[in-house]
1. Which numbered condition trips up Asp51, out of (1) more than 13 Å from the ligand (Cβ to nearest atom); (2) exposed (fewer than 15 other Cβ atoms within 10 Å of the Cβ)?
2. Please enumerate the residues belonging to the stretch 16-43 that are surrounded by 19 or more Cβ atoms within 10 Å (Cβ to Cβ) and at positive phi.
3. Tell me, which helices (runs of 4 or more DSSP H) wholly within the stretch 1-94 include 3 or more residues that are over 30 Å from Gly188 (Cα atoms) and in contact with a Leu (Cβ under 7 Å, 6 or more places away or on another chain)?
4. Quickly run through the stretch 9-19 and pick out the residues that are within 10 Å of the ligand (Cβ to nearest atom) and either touching a helix residue (DSSP H, G or I) at 6+ places or on another chain (Cβ under 9 Å) or of a type in the set (Asp, Glu) (or both).
5. Search the stretch 158-175 for residues that are charged (D, E, K, R) and pair each with any residue that is modelled with pLDDT of 90 or more when their beta-carbon atoms are under 6 Å apart and the residues are at least 6 apart or on different chains.
6. Which residue out of Leu62, Leu69 is among the hydrophobic types (A, V, I, L, M, F, W, C) and buried (at least 16 other Cβ atoms within 10 Å of the Cβ)?
7. Just give me the residues in the stretch 1-34 being closer than 18 Å to Ile98 by Cα and either among the aliphatic types (A, V, I, L, M) or in contact with a Pro (Cβ under 8 Å, 6 or more places away or on another chain) (or both), in sequence order.
8. Please verify whether Val34 is in contact with a His (Cβ under 9 Å, 6 or more places away or on another chain) and either charged (D, E, K, R) or away from the ligand (no atom under 11 Å from the Cβ) (or both), treating the condition exactly as stated.
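The values are calculated or read from the model by the stated rules, or taken from the named source; none is laboratory data. Owing to the predicted nature of the structure, the values given are computational and were not obtained by experimental measurement. We place every Cβ from the backbone using ideal geometry, glycine too, and count neighbours over all the protein chains shown.
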Amino acid sequence: MDGLFITFEGADGSGKSTQARFLAEGLRELGFDVVLTREPGGCPVAEKIRDIVLDKNNTDILDITEAYLYAAARAQHVHEVILPALKQGKIVVCDRFIHSSVAYQGYGRNLGKERVLEINKHAVDGCLPDITFFITVNPESAFDRMNEQKERDRLETQEQAFYDRLFKGYLKILEDEKDTIIPIEAKGTKFETKEIVLAKAKAILQEKGLL
Ligand code: TYD
């Protein structure tokens with residue numbers, strides 16, 4: 001039996017990492033075998049690439065280099081962690097995946113969706129999410145949450161125009177992939193959002209005959 005691959009997307013400060021963790025815990029309570037992981041990273045080699053790509057001292061990384069670094073980390077992560085878990089019938093919950101590359105590198109960095117998908121085609125090797133939760137918050141809350149962090153990484157120190165392109169990019173992705181991306185408007189507390197996400201996930205598991 002093949003498992004289920006669920007990813008979380010959203011801008012920095014959207015609270016998606018917390019929601020990914022909550023969902024993993026909720027699904028475990030229902031008895032599922034869940035692997036919670038993240039990108040960039042999720043395995044030793046990919047975590048090393050993460051350090052390079054998020055290091056704000058690396059001011060001279062080209063946009064195209066950045067796209068290949070994320071894809072390289074993803075290739076390792078897919079083959080070392082995600083695919084083996086799915087083959088064992090587990091549920092994989094991943095904080096960010098290929099849509100982050102399309103949004104950040106494709107739209108944010110202006111490399112274009114097609115080029116980013118082409119680079120990533122070889123990295124993901126056909127392993128694409130079954131469901132993606134796209135967490136949206138109003139820009140003020142995201143900004144407040146980002147300001148609560150002590151230090152910002154390289155991707156969090158861009159000019160406003162980058163974030164505008166990024167946000168519009170995510171909306172285009174949502175429009176293009178209505179069947180698999182579920183938008184979640186995080187207007188309430190993180191616990192209220194948790195219940196909304198869990199209810200949707202349960203409905204999908206029931207539809208697929210897994211619950
Ligand atoms: P993340 O760990 O989600 O940071 P945070 O927890 O602070 O939101 O992601 C790190 C950064 O990497 C984030 O700014 C988004 C960026 N990113 C890309 O630009 N492309 C990608 O393919 C991925 C996975 C992340």
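1. Going through the list (1) more than 13 Å from the ligand (Cβ to nearest atom); (2) exposed (fewer than 15 other Cβ atoms within 10 Å of the Cβ), Asp51 breaks only (1).
2. Hits for the stretch 16-43 are Gly41, Gly42.
3. Values: elements: 16-29, 44-54, 63-77, 83-87.
Per the criteria, 44-54, 63-77.
4. Let us first name the residues in the stretch 9-19 that are within 10 Å of the ligand (Cβ to nearest atom), namely 9-18.
Glu9, Gly10, Ala11, Asp12, Gly13, Ser14, Gly15, Thr18, listed by residue number.
5. Within 6 Å, the pairs are Arg165/Tyr107; Arg165/Gly108.
6. Working: Leu62 fails: buried (at least 16 other Cβ atoms within 10 Å of the Cβ).
From the options Leu62, Leu69, the qualifying one is Leu69.
7. Leu4, Phe5, Ile6, Thr7, Ala11, Ala20
8. Values: in contact with a His (Cβ under 9 Å, 6 or more places away or on another chain): no; either charged (D, E, K, R) or away from the ligand (no atom under 11 Å from the Cβ) (or both): yes.
Spelling it out, it is not the case that Val34 is in contact with a His (Cβ under 9 Å, 6 or more places away or on another chain) and either charged (D, E, K, R) or away from the ligand (no atom under 11 Å from the Cβ) (or both).
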